[in-house]
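Read-outs throughout are calculated quantities, based only on the coordinates presented, and are distinct from any laboratory measurement. Treat the numbers as computed from the prediction; the structure is a model and nothing was measured. With ideal geometry, Cβ positions are generated from the backbone for all residues, glycine too; neighbour counts draw on all protein chains shown.
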Amino acid sequence: MRLSVIIVNYNVTQLLRNCLLSVRNYLADIGYEVIVVDNASTDLSWKNLISEFPEVHFISSETNDGFAKGNNKAIKAAKGEYLLLLNPDTELEGFYMKEILDFADSHKDFGCLGVRMHDAEGNFLPESKRSVPDMFNSFEKLFTNFKKNNSKSYYRCDINEQAVAEVDVITGAFLLVKKEVYQKVGGLDEAYFMYGEDIDLCYTLLRNGFKNFYYGKTSILHHKGESTVKNEVYLERFYGAMHIFIDKYYRKSKPVQYSFLKAGLNLRHKIEKIKLK
């Protein structure tokens, strides 16, 4: 089997249905399977999709263990040569998967690949192509808005939206990786509940000598954050994920950057909590 599509669902049944329809429509020309893990949704309407999509392997989790654990649970059952981690709030937009897989095959040091993402209004989503967080680009991300300039910053604004290029980090909303490579580097770190695990995986691939790619010739629709309530729980998970990353990689090896990033994250977290009140 060429490809295993892995989707973790939480309370977004209609978006999941649209996602599965797009997969059914646009992957017909390759050998693939789809595995959906429901992370203990409180909305049980997702079960209605089981009969509508008999080709999909649905796994029901009794507890919500987070994005990383959900994906890893599905990947244990995956049979494909490649894995495509796909958010349920995304939709494929063309018959381009064979082209992407051929591109991946042509690179012996292939790590992972992401594509151009846009929202429902057609706006490009800059997180489609990113750098590994460091002291400088994290300050930009936390306290400024340089998304539209042409610099090599946290968002790789120096790379054209339609370009094909090496990048450090792509998003977990659409992340293609060879299963053998995924297993070799340990997969998604389950210390992350939500957010940050895609950055960690991309950085781990780089540290193991692989190359990550942004493939802007193709695109997906991404309905951002439809399953996310922007409350204090969200803030704890988001900023908590960033703390996990810098604790893991910078505490010992880059103490100056570590102290700066730690302080910046704490300050920004406090600012966001005040905004909620």
(request) Report the extension gain between Lys76 and Lys217 in nm, rounded to one decimal, defined as 0.36 nm multiplied by the number of residues separating them, less their alpha carbon distance. (result) 47.7 nm
(request) Check each of the GluC sites (Glu not before Pro) in segment 208-277 and keep only those in coil by DSSP with at most 16 other C-beta atoms within 10 angstrom; list them in order. (result) Glu226
(request) Would you mind checking which residues have amide H under 5 Å from Val34's amide H? H placed 1.01 Å from N; only 5 or more apart, or other chain. (result) Val5, His57
(request) Enter the per residue convex hull volume of segment 38-98, computed from alpha-carbon coordinates, in Å³ rounded to the nearest integer. (result) 119
(message) Taking θ = phi - 60°, what integer Hz values does the Karplus form 6.51 cos²θ - 1.76 cosθ + 1.60 yield along segment 115-130, in sequence order, with x for Gly and Pro?
(response) 10, 5, 10, 9, 8, 5, 8, x, 6, 5, 9, x, 6, 4, 9, 9
(message) Please compute the alpha carbon radius of gyration of segment 1-121, then divide it by the globular-protein estimate 2.2 N^0.38 Å. Two decimals is fine.
(response) 1.05
(message) Nearest 5 percent is fine: what portion of the DSSP beta bridges confined to the chain is antiparallel?
(response) 40
(request) Report, in whole Å, the centroid distance computed from the Cα atoms of segment 1-71 and segment 161-187. (result) 20
(request) Please report, in whole Å, how far the alpha carbons of the chain spread along each principal axis, starting with the longest. (result) 52, 44, 37
(request) Return the sequence-ordered ³J(HN,Hα) values of segment 52-66 in whole Hz as given by the Karplus equation 6.51 cos²θ - 1.76 cosθ + 1.60 applied to θ = phi - 60°, using x for Gly and Pro. (result) 6, 10, x, 7, 8, 8, 9, 10, 9, 9, 6, 10, 8, 9, x
(request) Return the sequence-ordered ³J(HN,Hα) values of segment 234-242 in whole Hz as given by the Karplus equation 6.51 cos²θ - 1.76 cosθ + 1.60 applied to θ = phi - 60°, using x for Gly and Pro. (result) 4, 4, 4, 5, 5, 6, x, 5, 5
(message) Could you tell me how many cubic angstrom of Cα convex hull volume segment 229-277 has per residue?
(response) 47
(message) How far apart, in nanometres, would the label points at Asp119 and Val256 be if each is projected 7 angstrom from Cα along the Cα-to-Cβ direction?
(response) 3.7
(request) In nm, give the distance between the simple-model label positions of Ile59 and Lys270, each being 7 Å from the Cα along the Cα-to-Cβ direction. (result) 4.2
(request) Please name whichever of Ile35, Ala74, Cys112 sits farthest to the positive end of the charge dipole of segment 3-227, dipole taken about the Cα centre and charges placed at Cβ: Lys and Arg +1, Asp and Glu -1. (result) Cys112
